[in-house]
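Derivation of every value follows stated rules applied to the coordinates shown; laboratory data play no part. A quick note: this is a predicted structure, and the numbers were derived from the prediction, not measured. Glycine also receives a Cβ, built like all others from the backbone with ideal geometry; neighbour counts cover every protein chain displayed.
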Amino acid sequence: MKAAIGFAFACWLSGAILILVDSTAAIALSGALALAGLDLFAP
């Protein structure tokens, strides 16, 4: 469970940084991270 929370926090942090830099890149990256997270943590 801690791994999932840490992964989500890392995604949020990197997403927040990218939003400040480039919103388009942030949207693409957040989508990719969401898919990766589903693959990692799905039962």
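Just a few scattered comments:
- Principal-axis tilt of helix 2-21 within the chain, Cα atoms, nearest 10 degrees: 10
- Spin-label pair F7/L20, simplified geometry with 7 Å Cα→Cβ offset, distance in nm: 2.6
- Against the main long axis of the alpha-carbon atoms of the chain, helix 23-41 sits at an angle near 0°.
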